[in-house]
Number of protein chains: 2
Amino acid sequence: MRTINIGLIGFGTVGVGLVKVLKSNASLIKERLKGELQIKAIADKDIVSPRSVEVDKRILTTDVEALLDDSEIDIIVELIGGDEPAKTYILEAIKKGKHVVTANKALLAEQGEEIFEAARRGGVDVYFEGSVGGGMPIIKILKEGLVANRIQCILGIINGTANYVLSRMSQEGSSFQEALSEAKRLGYAEADPAMDIEGIDSAHKLTILAPIGFGTRVRLSDLYVEGIAEITDRDIQYAREFGYSIKLLAIAKEVGDEEIEVRVHPTLLPQDHLLSSVSGIFNACYLRGDCIGEVLIYGQGAGQMPTASAVAADVVDLARNLLSRSPGRVPAISYWPSVKRIRPMEESQSKYYFRFSVVDQPRVLAEISGILGQNDISIASVIQKERRELDIVPIVMMTHEAKEMAVRLALKKIDELPVVKAKTMLIRVESMI
Amino acid sequence: MRTINIGLIGFGTVGVGLVKVLKSNASLIKERLKGELQIKAIADKDIVSPRSVEVDKRILTTDVEALLDDSEIDIIVELIGGDEPAKTYILEAIKKGKHVVTANKALLAEQGEEIFEAARRGGVDVYFEGSVGGGMPIIKILKEGLVANRIQCILGIINGTANYVLSRMSQEGSSFQEALSEAKRLGYAEADPAMDIEGIDSAHKLTILAPIGFGTRVRLSDLYVEGIAEITDRDIQYAREFGYSIKLLAIAKEVGDEEIEVRVHPTLLPQDHLLSSVSGIFNACYLRGDCIGEVLIYGQGAGQMPTASAVAADVVDLARNLLSRSPGRVPAISYWPSVKRIRPMEESQSKYYFRFSVVDQPRVLAEISGILGQNDISIASVIQKERRELDIVPIVMMTHEAKEMAVRLALKKIDELPVVKAKTMLIRVESMI
């Protein structure tokens, strides 16, 4: 029985998790793989601090180059994250003919193209299941399970922190700040949660998923990205009255035959849809394929062991490729000749939720509806609340399908009205479900 | 670019679906596979009746042997279903060195071991994603996505007909018979729906899934199987009052280190669990792995195009194996040396829902609780309904954790009481979620 040797770069949370799973489930993995996995070397800047798993000290090193130069190592697992030196290490590993597993979403989102192209030329594989939703094998499902489908949409709750905050606001009626503090206290949010809250992390992940689904290059700069910091507990309450939940959604979908939309923003979803039931730190992706129909995968988005599980699955997959001498079996990504245009946000259309903050005067609703009407935005329903805060009353409204450009123009005009006392809140409604 | 040749046996619903998807998504599959798929021959008893897809008449044949003998055919897709001649054809294909794709759950459940062993010895692959939940790639997820996990449980809603019937009873308050008639009218149930309603179909599928998860042989005769025909709309109503839904669940789970339980029966699930939201003809599997935690996959259980999507994914997987010369890359099934005992149903334990049909007398509840108490079954809550039908009143009860053997003994005694007028209804509660 052949042994596949692994070199691990980065002995932090996920690195320790990987060592744990390969150790505790060694015999089980051996049975399934019909081969043995061995961690031959672990490189980290810090090899002194105690970790929650025991390893033979002789395999620890601070010398990444020595690990990359070790000709017996077949697979390099990069788990240091961030841009540099991760990128250099990965490119060096590729140059030395080693296969690579990484969970580095930020790097892949920003420089995946260069890395995948280097791997393709070098005849080695780069696997990255851990980069999106560790606890749900979404990349394998998209690439392999749904391989025969034209993908129609990918709708993902792919940031656990943001989902925890929104769930808590919804379940406990907390304010955004209270929910965020609670997330930090529980370790679900980092000290600086900007990447999660502002939608950047979801955008990174969508930049990885969308090209797999649609065969088209998608760059971070192609995405419209809006975070959840402006959502109030009242918006969640009003949305519920209209029959909707609010989720931070990563959206990639076909529009017609030649365009896709790729965006991340708070989104109204029907309350009885499965995605609305995804709460707390959990992640889920809803996919639609032309043959398979609707598919949903749900699991933990991050965390030590779920991410280690995804990384270990990639290692086993690469080990199978090595054992059967079939590198390049499933390409990291294949761009198709028929490139799709990424439709600019201004050209998109959807239904909208608006919350206007106005003074309590008889003609206000007429004025607002007038401007909406001039811009071909028709109103589906309105809640005008009695509640009054410092003489400001909310008018909450759901529209029929309208054009983003028209909405922006209309809201600009409305927000300039003397009776409107704060910036109007706008949340889009997802129409694919 | 190499072409992979496919021989299709069975040109019925799913066979036609396969031809459709390989045709309509040909260019997309070619890009993803970096190879071309071609259906070289289609065998069926009936090659005259019109189908909803156009094929070159020259590839149609009634001569299965000719197709199996065609040395240019790489992959045989068996879609005739049932026992014979499907089994003979598959074994012949294996003998001739061809890889096989099948969606034949009944055959695999009953004779999978022989088929997989023949394939192993012949050095060819048998893939079978379409045999369980066509619209959710559950086999790939279990075998590959969760490969590094010790599986703790598989809980599946894997029969769309039964789920449709229970959903309709729950949503519309229909009786079992009304819901079943509606399912037939809509084409969701066959003229003879016994396999679906009695849990046999779910048992077939669980017999395929459980060995993958637990590495242990599981035969149909090992399973405890109970259908949904005795569930009444009132049970659904009472369960809801206790906070539960009722689903036909296929259950395979670890109990301790050395045993598994494998069973199919109506089951109470907490109403706020995702599985409770799986309604209509949809299927879902809830998995728990020791690293990844909870995972749920949801999709259509059957139907022409979802099943064709699963079969086509297998064909692409095998084509990748052929293109990279790596047959046997992922074994059909690997039984581990450490065989687990399948715990007999009588030794299982769970919480229970009971509905007693009794005459309205003051001492009845005391008599029943007395017998339960003597058998160490303790009551968690009781609903005693005013409603009376022909002098029979229901007493509905949830118990704490109790032993199946004790429950059977107690119910036998209770059902012999003169005040008990009908067989007591018993539904188990799933404790893994």
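The values are calculated or read from the model by the stated rules, or taken from the named source; none is laboratory data. Note that this is a predicted model, so its numbers are computed, not measured. Backbone-built Cβ (ideal geometry, glycine too); neighbour counts: all protein chains shown. The accessibility values were calculated without ligands, DNA or RNA, using every heavy atom of the protein model including side chains. Shrake-Rupley method; radii C 1.70, N 1.55, O 1.52, S 1.80 Å.
Count of region B:151-172 residues, restricted to those that are of a type in the set (Gly, Ala, Ser) and without any contact (Cβ under 8 Å) to a residue 24 or more places away in the chain, is 0.
Can you confirm whether B:Leu411 is within 14 Å of another protein chain (Cβ to nearest Cβ) and at pLDDT 95 or above? No: the conditions fail for B:Leu411. B:Asp74 fulfils the conditions (1) under 30 Å from A:Pro211 (Cβ atoms); (2) within 14 Å of chain A (Cβ to nearest Cβ); (3) of a type outside the set (Ser, Thr, Tyr); (4) surrounded by 22 or more Cβ atoms within 10 Å (Cβ to Cβ) except for a single criterion, (2).
Given the criteria of a type in the set (A, V, I, L, M, F, W, C), in contact (Cβ under 8 Å) with a residue 24 or more places away in the chain, open to solvent by less than 30 Å² (accessible area, probe 1.4 Å) and over 30 Å from A:Ile151 (Cβ atoms), does A:Ile392 qualify? For A:Ile392, the condition - of a type in the set (A, V, I, L, M, F, W, C), in contact (Cβ under 8 Å) with a residue 24 or more places away in the chain, open to solvent by less than 30 Å² (accessible area, probe 1.4 Å) and over 30 Å from A:Ile151 (Cβ atoms) - is not met. Just one residue in the set A:Glu190, A:Glu182, A:Glu178 is assigned to a helix (DSSP H, G or I), open to solvent by 80 Å² or more (accessible area, probe 1.4 Å) and in contact with a helix residue (DSSP H, G or I) (Cβ under 9 Å, 6 or more places away or on another chain); that residue is A:Glu178.
Looking only at residues of region A:264-281 that are more than 10 Å from chain B (Cβ to nearest Cβ) and open to solvent by 10 Å² or more (accessible area, probe 1.4 Å), we find that the one that is nearest to the chain's Cα centre (by Cα) is A:Ile281. Residues that are in contact with a Leu (Cβ under 8 Å, 6 or more places away or on another chain) and part of a helix (DSSP H, G or I) within region B:102-111 comprise B:Ala109, B:Glu110, listed in sequence order.
The residue of region A:327-370 that is nearest to the other protein chains (Cβ to nearest Cβ), among those that are of a type in the set (Val, Ile, Thr) and surrounded by fewer than 18 Cβ atoms within 10 Å (Cβ to Cβ), is A:Val339.
Here the condition is being closer than 30 Å to B:Leu37 by Cα, within 14 Å of chain B (Cβ to nearest Cβ), open to solvent by less than 10 Å² (accessible area, probe 1.4 Å) and not basic (Lys, Arg); of A:Ile157, A:Ile151, it holds for A:Ile151 alone.
Residue by residue, here is whether (1) assigned to a helix (DSSP H, G or I); (2) hydrophobic (A, V, I, L, M, F, W, C); (3) under 21 Å from B:Arg329 (Cα atoms) holds:
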| site | (1), (2), (3) |
| --- | --- |
| B:Leu68 | yes, yes, no |
| B:Val77 | no, yes, yes |
| B:Ile80 | no, yes, no |
| B:Gly97 | no, no, yes |
| B:Val100 | no, yes, yes |
| B:Phe116 | yes, yes, yes |
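In region B:395-428, what residues are open to solvent by less than 60 Å² (accessible area, probe 1.4 Å) and in contact (Cβ under 8 Å) with a residue 60 or more places away in the chain? Scanning region B:395-428 gives B:Val396, B:Met398, B:Val419, B:Val420, B:Ala422, B:Thr424, B:Met425, B:Leu426, B:Ile427, B:Arg428. Take the residues of region B:55-66 that are part of a loop (DSSP other than H, G, I, E, B) and either touching a residue at least 12 places away in the same chain (Cβ under 8 Å) or among the hydroxyl-bearing types (Ser, Thr, Tyr) (or both): which is surrounded by the most Cβ atoms within 10 Å (Cβ to Cβ)? Top of the filtered list is B:Val55. Does region A:210-231 contain any residue that is under 16 Å from the mean Cα position of the chain (by Cα), assigned by TED's automatic domain parsing to the domain that holds A:Leu146 and without any contact (Cβ under 8 Å) to a residue 12 or more places away in the chain? Scanning region A:210-231, I find at least one residue that is under 16 Å from the mean Cα position of the chain (by Cα), assigned by TED's automatic domain parsing to the domain that holds A:Leu146 and without any contact (Cβ under 8 Å) to a residue 12 or more places away in the chain, so the answer is yes. Scanning region A:282-326 for residues that are charged (D, E, K, R), assigned to a helix (DSSP H, G or I) and facing chain B (nearest Cβ under 7 Å) yields A:Asp317, A:Arg320.
The condition (being in contact with a helix residue (DSSP H, G or I) (Cβ under 7 Å, 6 or more places away or on another chain), in a strand (DSSP E or B) and either within 24 Å of B:Arg288 (Cα to Cα) or not assigned by TED's automatic domain parsing to the domain that holds A:Ala86 (or both)) is satisfied by just one residue among A:Ile154, A:Ile139: A:Ile154. The number of residues in region A:15-54 that are assigned to a strand (DSSP E or B) and either open to solvent by less than 20 Å² (accessible area, probe 1.4 Å) or within 13 Å of chain B (Cβ to nearest Cβ) (or both) comes to 4. Out of curiosity, is A:Lys140 among the basic types (Lys, Arg), away from every other protein chain (no Cβ under 11 Å) and in contact (Cβ under 8 Å) with a residue 24 or more places away in the chain? Considered against the rule, which asks whether it is among the basic types (Lys, Arg), away from every other protein chain (no Cβ under 11 Å) and in contact (Cβ under 8 Å) with a residue 24 or more places away in the chain, A:Lys140 comes out as no. Considering (1) more than 22 Å from B:Val225 (Cα to Cα); (2) among the polar types (S, T, N, Q); (3) crowded, with 24+ Cβ neighbours inside 10 Å, the lone condition that B:Asn163 does not fulfil carries the number (1). Of all residues in region A:232-253, those satisfying the criterion of being open to solvent by less than 30 Å² (accessible area, probe 1.4 Å) and either of a type outside the set (Gly, Ala, Ser) or part of a helix (DSSP H, G or I) (or both) are A:Asp235, A:Ile236, A:Tyr238, A:Ala239, A:Ile246, A:Lys247, A:Leu248, A:Leu249, A:Ile251, A:Lys253. Residues in region A:332-367 that are within 30 Å of A:Leu108 (Cβ to Cβ) and either hydrophobic (A, V, I, L, M, F, W, C) or in contact with a Gly (Cβ under 8 Å, 6 or more places away or on another chain) (or both): A:Ala332, A:Ile333, A:Ser334, A:Tyr335, A:Trp336, A:Ser338, A:Val339, A:Lys340, A:Ile342, A:Met345.
Within region A:118-129, how many residues are open to solvent by 10 Å² or more (accessible area, probe 1.4 Å), in a helix (DSSP H, G or I) and either in contact with an Asp or Glu (Cβ under 8 Å, 6 or more places away or on another chain) or not basic (Lys, Arg) (or both)?
Number satisfying all stated conditions: 3.
Looking at (1) in contact with a Ser or Thr (Cβ under 6 Å, 6 or more places away or on another chain); (2) open to solvent by 60 Å² or more (accessible area, probe 1.4 Å); (3) outside any strand (DSSP E or B), which one does A:Ile377 not meet, given that it meets all the others? Looking at each condition in turn, A:Ile377 falls short on (2). If you go through region B:239-297 and pick out every residue that is out of contact with any strand residue (DSSP E or B) (no Cβ under 9 Å at 6 or more places or on another chain) and under 22 Å from B:Ile212 (Cα atoms), you end up with 3. For B:Gly10, state whether it is surrounded by 21 or more Cβ atoms within 10 Å (Cβ to Cβ) and away from chain A (no Cβ under 13 Å). Judged against the criteria, B:Gly10 is a match.
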